[in-house]
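*Asks:* I am attaching a structure below and will ask some questions about it afterwards.
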């Protein structure tokens, strides 16, 4: 139990570190910064405790918010995505009782991509909604969330397929 | 009891989520002024809707009292107008037309906190904007802090965050009003040098040195004063004329020259 939680904690720290040091400073086309810490919500095992996922997402979100001056947007997006994750799993993968992780070999590549797309896009949409906090800016919100999701999905899908053969 | 516990256990994720959401909104409120103003605006419109029925009931109960107050004010204004005719009429228009006056009713009033707020029943659709000043028939009340579509909140002069320029009547001795004692009948006046002569009972009026309040609105009378030992200023306590716990009708003043004054200030800085 303690070993499991400490591994989760180290993963979180690593992701936060990567996000803050590397991926928050990419500024591709001046506004694209992929949020790679979403990898945690994708790789978290399906059969593990939901409460600890919520707690971990709060921890990740508030740390990244604190260091990148985004006033709660990352945290709200992260905890909301943790709450609705079981629904997304059911919607994208169908009957999931035989799988306990997205890395399971029996999951079709299309379903995997769809799952990643849903999590990343909903996360980014929520993030930019709270970042702008104004529905008059809907065009900017949509533009930013679509382009950022696109690049985040490319990077995350690359990550997952890269390490897939080992796991 | 068991059912309640079962319910909580069944929706434990949701409850935990709401708890975390609450913390996040708190974090966001404290970290961003823009989010703070948006959240305040939402709170203001909800509070306005809640207090409106209460306000109708109270206004009916206080009808008699309000009428007598209005008659009193009418009398005072009439005497002012009749006396004014003797003076130069051109001067009269010059000073008063700078301010546009709108009336409003108070639907929620607080006076026992360290930062007191009032909510009035006029908002953006009535042309109320941030930083306008609010007076009642008995003197100054405060400054508009936040507006929503139908309501506005007013920082009362009984608030630690507000400082008002004031002067002694019939002289040009200016000072600053601050609320330090948390007593809703009195307010403190500072920055008046000991070289000036003052007496207990002297009248304090607004100074007109800022773009908020026009000149010559009555504030109160001097209750007590003492000389400060450390610097050359008086520490003066002023009795407020307006009873801040009993305000129902207020007037919102819009300074038409405000933008011009602010532009000039920005240019000179």
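*Asks:* Go through A:26-34, B:196-204 and give me the packing order, highest mean Cβ count within 10 Å leading. Kindly include the intermediate steps, with their values, before the conclusion.
*Replies:* Details: A:26-34: 12.3, B:196-204: 13.9.
Highest-to-lowest ranking by the protection proxy: B:196-204, A:26-34.
*Asks:* Another question, if that's okay. Multiply the residue gap between residue B:115 and residue B:171 by 0.36 nm, knock off their C-alpha separation, and tell me the result in nm, one decimal place.
*Replies:* 17.0 nm
*Asks:* A further question on this structure: When Cβ neighbours within 10 Å are restricted to other protein chains, what is their mean count per residue of peptide A:75-87? Spell out each step's value before the answer.
*Replies:* On the way: counts 7, 6, 1, 2, 8, 4, 0, 4, 7, 1, 0, 1, 0.
Average neighbour count from other chains, rounded to a whole number: 3.
*Asks:* Return the average number of partner chain Cβ atoms within 10 angstrom of each residue Cβ along peptide B:20-32.
*Replies:* 6
*Asks:* Once you order the gyration tensor axes a ≥ b ≥ c over the Cα atoms, which shape class does the stretch B:1-81 get: rounded for a/c under 1.5, otherwise prolate or oblate by comparing a/b with b/c?
*Replies:* Working: a/c = 7.10, a/b = 2.19, b/c = 3.23.
In terms of gyration-tensor shape, oblate.
*Asks:* Let me ask another. What is the helix-to-structure angle for B:63-84, meaning the angle in degrees between its Cα long axis and the longest Cα principal axis of chain B, kept from 0 to 90 and rounded to the nearest 10?
*Replies:* It works out to around 30 degrees.
*Asks:* Ranked highest first by average number of other Cβ atoms within 10 Å, how do A:119-126, A:146-153 line up?
*Replies:* Values: A:119-126: 22.0, A:146-153: 19.1.
In descending order of packing, they fall as A:119-126, A:146-153.
*Asks:* Can you tell me the length gained on complete extension of the stretch residue A:5 to residue A:27, counting 0.36 nm per residue apart and subtracting the Cα distance?
*Replies:* Details: separation 22, 0.36 × 22 = 7.92 nm, distance 3.32 nm.
Taking residue A:5 through residue A:27 to full extension adds about 4.6 nm, to one decimal.
*Asks:* Given a Förster radius of 30 Å and the C-beta distance between residue B:246 and residue B:101 as r, what FRET efficiency does 1/(1 + (r/R0)^6) yield to the nearest 0.05?
*Replies:* 0.90
*Asks:* Based on the alpha-carbon gyration tensor of the stretch B:174-269 and its eigenvalue square roots a ≥ b ≥ c, which shape applies: rounded if a/c is under 1.5, prolate if not and a/b is larger than b/c, or oblate?
*Replies:* Oblate, since a/c reaches 1.5 and b/c is not below a/b.
*Asks:* Label residue B:209 and residue B:227 with points 7 Å out from Cα along Cα→Cβ: what is the distance between them in nm?
*Replies:* Once both label points are built, they end up 2.2 nm from each other.
*Asks:* With springs connecting C-alpha atoms under 10 Å apart, model chain B as a Gaussian network and identify which of B:209, B:244, B:132 has the largest mean-square fluctuation.
*Replies:* Of B:209, B:244, B:132, the most mobile in the Gaussian network model is B:209.
*Asks:* Springs between alpha-carbon atoms under 10 Å, Gaussian network over chain B: tell me which of B:233, B:184, B:174 tops the mean-square fluctuations.
*Replies:* It is B:233.
*Asks:* Of the residues B:249, B:121, B:112, which exhibits the maximal mean-square fluctuation in a Gaussian network model of chain B defined by a 10 Å Cα contact cut-off?
*Replies:* Sorting by GNM fluctuation, first place goes to B:112.
*Asks:* What's the angle, to the nearest 10 degrees (0 to 90), between helix B:258-268's Cα axis and the longest principal axis of chain B?
*Replies:* 80
*Asks:* Can I ask one more? Tell me, what is the percent relative contact order of chain B, built from C-alpha pairs under 8 Å that lie six or more residues apart?
*Replies:* 17
*Asks:* Report, to the nearest 10°, how far helix B:12-31 tilts away from the longest principal axis of the Cα atoms in chain B, using its own Cα long axis and a range of 0 to 90°.
*Replies:* 20
*Asks:* Which whole number gives the average, over all residues in B:9-16, of C-beta atoms from other chains lying within 10 Å of the residue C-beta?
*Replies:* Whole-number average of other-chain Cβ neighbours for B:9-16 is 3.
Bear in mind that the values in this text are calculations on the coordinates, not laboratory data. These figures come from a predicted structure and were not determined experimentally. Cβ coordinates were reconstructed from backbone atoms using ideal geometry, including for glycine residues, and neighbour counts include every protein chain displayed.
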